[in-house]
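Each remark here refers to the structure printed beneath this line.
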Amino acid sequence: MRILPLFIPHQGCPFACIYCNQFSITQSKDESIAYFQKLIADFCHQNTAADKEVAFFGGTFTALSRELQEEYFDLAAPYISSLRGIRLSTRPDALSADGYKFLKDRGVSTIELGIQSFSDEVLIASRRGYSAKTAVSACESVKTAGFDLVIQLMPGLPSDTFSSFSATIDQAIELQPQGIRLYPTVVLEGTRLADWYAAGKYAPLSLEEAISWLKTGQSRCSLAGINVIKTGLHSDLRAIDIVAGPHHPAIGELVQIELLYDELISKWQPDMTLEIPGNKKSLFLGHGRKLVNMLKKKLLLDKIAVTINKENRDIEYVFKKVKAQYYW
Ligand code: SF4
């Protein structure tokens with residue numbers, strides 16, 4: 001699926017959430033209607049496949065005035081038959097039954113809900129302004145109204161623990177969304193959280209903790225057949241905007257490495273050659289050969305015998321009695 005993200009930072013938001021600075025997250029330089037119009041036209045002309053969506057991110061879309069929502073929808077209207085639909089992100093307490101009909105009629109296909117946590121304690125400490133019950137019922141109503149649902153979660157918010165994050169993942173899986181985004185909490189410049197951090201009232205997760213939490217979340221989602229469509233904020237967040245916290249430009253890949261390490265250790269067959277899909281080579285050799293080094297250390301090996309299957313990208317990692325192409 002191709003998605004064109006259009007950023008409307010903080011538009012419609014009832015207040016600035018303690019951790020949120022959409023101007024640094026989205027690095028949005030132009031929010032003008034003319035600019036969006038050009039981006040949509042280019043996107044639709046360049047992508048002929050029907051599996052594409054125009055998305056409005058970075059604000060509380062459904063809390064905008066109906067007139068402004070119409071104005072944004074009108075931009076996509078000339079192309080709507082060539083799109084899968086429109087995607088938008090919003091808060092769980094900014095939805096209404098009559099709003100759903102309006103969104104359906106305008107071609108909205110997917111609603112992303114910034115849930116962040118299903119723990120009341122975390123939601124209160126993070127001053128989100130709604131309860132876990134509201135969050136659950138918003139997810140249910142989005143699905144009942146016939147939209148695809150994506151749940152956005154933020155492990156590591158104030159008062160979050162591994163146990164409350166774990167329960168949050170369980171709740172998210174129970175709601176059977178079409179996808180989940182996992183954004184470990186990073187302290188951004190210009191936020192209330194940055195003040196709390198400076199005053200010693202908030203400590204973010206370390207990178208190692210965040211990877212370990214994300215690994216649990218991702219493996220549970222994958223066992224349940226739920227797609228984690230994004231892990232971590234985008235990679236080109238400016239260093240100047242990050243005060244503290246587990247930001248890494250490739251955190252999603254680091255989590256993949258940890259998951260793959262567990263999988264390979266559990267199925268390792270000595271004196272055999274490991275066959276890997278061609279597009280996964282970088283998972284083994286990237287980050288200073290982290291995965292290869294972890295495997296060699298654990299298995300007390302000097303080298304790992306590897307063959308690469310370039311034809312089939314969907315193969316599972318298997319061990320074969322074949323000549324190795326590489327010794328890593
Ligand atoms: S987290 Fe969502 S609702 Fe809160 S300020 Fe950011 S965009 Fe707005």
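The values are calculated or read from the model by the stated rules, or taken from the named source; none is laboratory data. Since the model is a prediction, treat every value here as computed from it, not as a measurement. Don't worry about glycine lacking a Cβ; one is built from the backbone with ideal geometry, like all the others, and counts go over all protein chains shown. The area values use the complete protein model at the heavy-atom level, side chains included, leaving out ligands, DNA and RNA. Shrake-Rupley method; radii C 1.70, N 1.55, O 1.52, S 1.80 Å.
A compact table of results
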{"quantity": "Inter-label distance for LYS281 and ALA244, nm, one decimal - labels placed 7 Å from Cα along Cα-to-Cβ", "calculated": "4.2 nm"}
{"quantity": "Nearest-ten-degree value, helix 33-46 long axis tilted from longest Cα axis of the chain", "calculated": "40 degrees"}
{"quantity": "TRP196 - accessible surface, heavy atoms, 1.4 Å probe, Å² rounded to 10", "calculated": "40 Å²"}
{"quantity": "Cys with no candidate disulfide partner in the chain (beta-carbon separation under 4.7 Å rule)", "calculated": "CYS13, CYS44, CYS139, CYS221"}
{"quantity": "Beta bridges by DSSP in segment 268-327, antiparallel share as percent, to the nearest 5", "calculated": "55 percent"}
{"quantity": "Shape category assigned to segment 1-105 from the gyration tensor of Cα positions, a/c cut at 1.5", "calculated": "oblate"}
{"quantity": "Label-point gap, in nm, between SER109 and ASP51 - each point 7 angstrom along Cα→Cβ", "calculated": "1.0 nm"}
{"quantity": "Scattering profile of segment 268-327 at q = 0.13, 0.19, 0.30 Å⁻¹ [log10 I(q)/I(0), Debye over alpha-carbon scatterers]", "calculated": "-0.31, -0.68, -1.41"}
{"quantity": "Length added when fully stretched, GLN176-LYS321, from 0.36 nm per residue minus Cα-Cα", "calculated": "48.2 nm"}
{"quantity": "Size of the chain as Cα extents on the principal axes (Å, biggest first)", "calculated": "67, 52, 38"}
{"quantity": "Average accessible area per residue (Å²) across segment 2-248 - probe 1.4 Å, nucleic acids and ligands excluded", "calculated": "43 Å²"}
{"quantity": "Chain lengthening between GLN269 and SER212 when straightened (0.36 nm per residue, less Cα-Cα)", "calculated": "17.9 nm"}
{"quantity": "Reachable lysines, given that their alpha-carbon falls under 19 Å from the alpha-carbon of LYS104 and they are not under 8 places away in the same chain", "calculated": "LYS52, LYS143"}
{"quantity": "Accessible surface of HIS248 - all protein chains present, 1.4 Å probe, nearest 10 Å²", "calculated": "50 Å²"}
{"quantity": "Accessible surface of segment 2-248 [probe 1.4 Å, protein heavy atoms]: carbon and sulfur percent", "calculated": "52 percent"}
